[in-house]
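This report refers to the structure that appears directly beneath it.
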Amino acid sequence: MSGDSPQPDAPEDAALAQSGFLEQRSGPRLSLLLRAAKLIAETGEYLCIIRDISLKGVRLRLFHDVPADGELQLELVNGQRFAIEPKWRDETHAGFTFREPIDVDSFILEPSPFPKRQLRLRMQRQAVLVAGPASGAAMLLDISQSGARIAARLPLALEQRVRLEVEDLPLLYGKVRWRDNGYYGVVFTNTFRLDELAGLAFALQPFAPPAGNARTAASA
């Protein structure tokens, strides 16, 4: 793989190149990406989009502020995690440096013995489960753009239609896809866009923005 920076492939990257962003990075940019990932903090798990990486850092498209305290990790779809530190932030993007050297090829390829699936945000939120005339308490354990994993005492059949009611979330309608000793996988009737789920995740796991949060020079 060449160490030369590729040409910007979108108006956004052209603007960044013109402003000097690309040249300010410490190390050559190796790959332009457009890939969903998770930003993991002490306050919860949040969706982001990987825009590009270099040997030393990564640029992410965010949907809210960067968590201000605690350690941050970037998790890929295959479960790989990378400890990162924030370096700069603007209105929609943020730059981070890797705390440890990374295998760039592995980062880009995301090898996994399992089929790729949508990112799941792990969280525990009380819910009300409605299945026909029956209803009961449930616990939301994780959520993705297309489904959720729940725990419930209410017995459910495969393909049974259900409704989930979770505070700060819209009503979730779906069908039972799998079951395992009180745990159920529900596939939603209507899926979320990535930015929609990102906003909902922030509503469920709010945090105070960093003090004096302002744009800083791109130095990652």
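From the list GLU196, GLU159, GLU167, the one residue that fits, being under 22 Å from GLU75 (Cβ atoms) and either of a type in the set (Asp, Glu) or touching a Pro at 6+ places or on another chain (Cβ under 8 Å) (or both), is GLU196.
Could we say that LEU171 is within 20 Å of MET123 (Cβ to Cβ) and without any contact (Cβ under 8 Å) to a residue 12 or more places away in the chain here? Give the derivation first.
Numbers: within 20 Å of MET123 (Cβ to Cβ): yes; without any contact (Cβ under 8 Å) to a residue 12 or more places away in the chain: yes.
Yes, satisfied.
Please go through the stretch 92-104 and pick out each residue that is in contact with a Lys or Arg (Cβ under 8 Å, 6 or more places away or on another chain) and not β-branched (Val, Ile, Thr).
Our first condition is that a residue be in contact with a Lys or Arg (Cβ under 8 Å, 6 or more places away or on another chain); within the stretch 92-104, this holds for 92-98.
The answer is HIS93, ALA94, GLY95, PHE96, PHE98.
We did not get these values from a lab; they are worked out from the coordinates using the rules stated. Small disclaimer: the values here were computed from a predicted structure and weren't measured. Heads up, the Cβs are rebuilt from the backbone with ideal geometry, glycines too, and the neighbour counts pull from every protein chain shown.
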